[in-house]
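Visitor: Here you go, one structure.
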Amino acid sequence: MMENYQVRGLGDKGGVTRLRYPTNHLIDMEKTNNKIIIRRFIEQIENTGDVTNIREFISEDYVEVYEGKRYPIGINGAIDHMLGVRRVYPDLKLTIENQISEGEWVVTVYSVTGTFMDEWFGMKPTGKPITYTGVNVDRILNGKIIEHGGAANLLDPLLNAGVIEKKK
């Protein structure tokens, strides 16, 4: 029952606002807010391809992590990455399946659909739809994404779409 909650903040738990419901279940608003930041980024930037407001979500010090190596690409690199992905999959639609947040970190399990319309790492476009799943790991600092990494299951979807072929 919402009318029975208490808000505790600033002097409690390092300034993190928490809500206490009658069941004594605590909701950590920082974790909730971090998940909302990622959800809004996916909905407003990734799913539209409109990078006009990307600075609301991405830190100047943005880093992408790939195979354990850190690449400081900043906002301009994030814009280039997003526009590149949208060039390959102009109708890209990312759906959040699950999210977990711990401190500064948000893990997002997702599924993607899109039509393979442009060359990507030497692979020729097929014009066929592709669906795949993946996991993103993002770090939020001061309300912005400062670090991003993850993995996607692309082998089977690319084989099924005829983008890559098995050797005989």
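The values are calculated or read from the model by the stated rules, or taken from the named source; none is laboratory data. Just so you know, these numbers come straight off a predicted model, no measurement behind them. Please note: Cβ atoms are built from the backbone with ideal geometry, for glycine as well, and neighbour counts cover all protein chains shown.
Visitor: Among the residues of segment 110-166, what is the count of those that are aromatic (Phe, Trp, Tyr) and modelled with pLDDT of 90 or more?
Guide: 3
Visitor: For segment 100-154: of the residues being within 12 Å of the chain's Cα centre (by Cα) and aromatic (Phe, Trp, Tyr), which is nearest to Arg70 (Cα to Cα)?
Guide: Taking the candidates together, the pick is Trp105.
Visitor: Then there's this: Any residue in segment 135-160 that's over 13 Å from Ala78 (Cβ atoms): show its pairings with residues that are surrounded by 16 or more Cβ atoms within 10 Å (Cβ to Cβ) and aromatic (Phe, Trp, Tyr) at Cβ separation under 6 Å, as long as the two are six or more apart or on different chains.
Guide: Partner pairs satisfying both residue conditions: Ala152/Tyr132; Asn153/Tyr132; Leu154/Tyr132; Pro157/Tyr132.
Visitor: Could you list all residues from segment 61-88 that are at pLDDT 95 or above and hydroxyl-bearing (Ser, Thr, Tyr)?
Guide: Tyr62, Tyr71
Visitor: Further, regarding this structure: Can you list residue pairs whose Cβ atoms sit under 7 Å apart, with the first residue in segment 105-123 being over 15 Å from Gly49 (Cβ atoms) and the second being basic (Lys, Arg)? Count only pairs 6 or more apart in sequence or on different chains.
Guide: Trp105/Arg139; Val106/Lys35; Phe116/Lys128
Visitor: Quick one: in segment 82-113, of everything that is hydrophobic (A, V, I, L, M, F, W, C) and part of a strand (DSSP E or B), which residue is surrounded by the most Cβ atoms within 10 Å (Cβ to Cβ)?
Guide: The selected residue is Val106.
Visitor: Give segment 120-168 a look and list any residue that's out of contact with any strand residue (DSSP E or B) (no Cβ under 8 Å at 6 or more places or on another chain), in a strand (DSSP E or B) and either of a type in the set (A, V, I, L, M) or surrounded by fewer than 16 Cβ atoms within 10 Å (Cβ to Cβ) (or both), or say none.
Guide: Correct list: Met123 only.
Visitor: Ok, one more. Test each condition in (1) surrounded by fewer than 15 Cβ atoms within 10 Å (Cβ to Cβ); (2) at pLDDT below 95; (3) not polar (S, T, N, Q) for Glu56 and report the one that comes out false.
Guide: Of the numbered conditions (1) surrounded by fewer than 15 Cβ atoms within 10 Å (Cβ to Cβ); (2) at pLDDT below 95; (3) not polar (S, T, N, Q), the odd one out for Glu56 is (2).
Visitor: Right, next: State all residues of segment 40-81 that are hydrophobic (A, V, I, L, M, F, W, C), under 18 Å from Val137 (Cβ atoms) and part of a helix (DSSP H, G or I); if no residue qualifies, say none.
Guide: Across segment 40-81, the qualifying residues are Phe41, Ile42, Ile45, Ala78.
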